[in-house]
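Peer 1: Below is the structure I would like to discuss, written out as structure tokens.
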Amino acid sequence: MKLLNLDHVGIAVHDLDAALEAYRNRYGVDPLHRDRVEAQGVEEAMIPVGGSFIQLLQPLGPDTPVGRFLAKNGEGLHHVAYVVADIGAALAHLEETGARLIDREPRVGGRGAKIAFVHPADLAGTLIELVELSEA
């Protein structure tokens with residue numbers, strides 16, 4: 001398994017529209033994608049920065065993972081996401097090496113990508129997302 005690129009940095013926010021407006025005003029950037037991902041309980045916006053993205057995440061409710069994160073930690077860095085060529089092979093490798101996985105099987109995330117999360121307790125207290133981009 002090899003990390004191919006930094007896909008995005010996820011930032012949890014209470015109000016996605018307000019956060020997008022702040023990014024627009026301060027940094028002159030607009031989102032390239034905006035999705036509602038019911039299965040993960042978020043509305044997300046992807047702001048391109050070079051070859052990567054800033055992902056702003058607003059929870060759809062307080063009992064979602066991002067909703068609980070905001071209640072406990074407030075707004076801020078939620079996770080770091082890396083592109084992998086084959087998410088199934090990446091998860092198998094991580095499991096073989098004793099990594100603490102949140103997802104043993106990939107799921108569909110924003111942009112139609114296959115994603116899976118590695119627990120923050122596995123490495124330096126950082127929630128890591130693996131992303132296999134769709135070909136579409």
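Peer 1: Identify the residue in the range 72-99 that is out of contact with any strand residue (DSSP E or B) (no Cβ under 9 Å at 6 or more places or on another chain) and free of Cβ contacts under 8 Å to residues at least 12 places away in the same chain and, among all such residues, is nearest to Ile11 (Cα to Cα).
Peer 2: Lys72
Peer 1: Just checking, which of Arg104, Arg36 is surrounded by 12 or more Cβ atoms within 10 Å (Cβ to Cβ), over 17 Å from Val9 (Cβ atoms) and basic (Lys, Arg)?
Peer 2: Arg36
Peer 1: If you take the residues of the range 123-136 that are among the charged types (D, E, K, R) and surrounded by 18 or more Cβ atoms within 10 Å (Cβ to Cβ), which of them is farthest from the chain's Cα centre (by Cα)?
Peer 2: Once the filter is applied, the top-ranked residue is Glu132.
Peer 1: For the range 107-122, which residues satisfy the criterion of being in a strand (DSSP E or B), buried (at least 17 other Cβ atoms within 10 Å of the Cβ) and of a type in the set (D, E, K, R)?
Peer 2: Residue satisfying the conditions is Lys114 alone.
Peer 1: Filter the range 32-71 down to the residues that are farther than 24 Å from Gly125 by Cβ, assigned to a helix (DSSP H, G or I) and touching a residue at least 60 places away in the same chain (Cβ under 8 Å) and list them by number.
Peer 2: Ala39
Peer 1: Before we move on, is Gly28 out of contact with any strand residue (DSSP E or B) (no Cβ under 6 Å at 6 or more places or on another chain) and free of Cβ contacts under 8 Å to residues at least 60 places away in the same chain?
Peer 2: For Gly28, the condition - out of contact with any strand residue (DSSP E or B) (no Cβ under 6 Å at 6 or more places or on another chain) and free of Cβ contacts under 8 Å to residues at least 60 places away in the same chain - is met.
Peer 1: Return yes when Leu16 is in contact with a strand residue (DSSP E or B) (Cβ under 9 Å, 6 or more places away or on another chain) and without any contact (Cβ under 8 Å) to a residue 60 or more places away in the chain and no when it is not.
Peer 2: It is true that Leu16 is in contact with a strand residue (DSSP E or B) (Cβ under 9 Å, 6 or more places away or on another chain) and without any contact (Cβ under 8 Å) to a residue 60 or more places away in the chain.
Peer 1: I've got another one for you. Please determine, by comparing only the residues of the range 2-31 that are outside any strand (DSSP E or B), buried (at least 17 other Cβ atoms within 10 Å of the Cβ) and not hydroxyl-bearing (Ser, Thr, Tyr), which one is nearest to the chain's Cα centre (by Cα).
Peer 2: Val13
Peer 1: Within the set of pairs 6 or more residues apart or between chains, which connect a residue that is closer than 22 Å to Asp122 by Cα inside the range 100-111 to a residue that is of a type outside the set (Phe, Trp, Tyr) and assigned to a loop (DSSP other than H, G, I, E, B) with Cβ atoms less than 6 Å apart?
Peer 2: Arg100/His119; Ile102/His119
Peer 1: A further question follows. I want to confirm something. Restricting to the range 60-101 and keeping residues that are of a type in the set (Asp, Glu) and closer than 17 Å to Gly41 by Cα, which single residue is surrounded by the most Cβ atoms within 10 Å (Cβ to Cβ)?
Peer 2: Applying the filter and picking the extreme gives Glu75.
Quick note: the coordinates plus some simple rules give every number you see, no bench work behind them. As the structure is a prediction and not an experimental result, all values here were calculated from the model. So basically every Cβ, Gly included, is an ideal-geometry build from the backbone, and we count neighbours across all protein chains shown.
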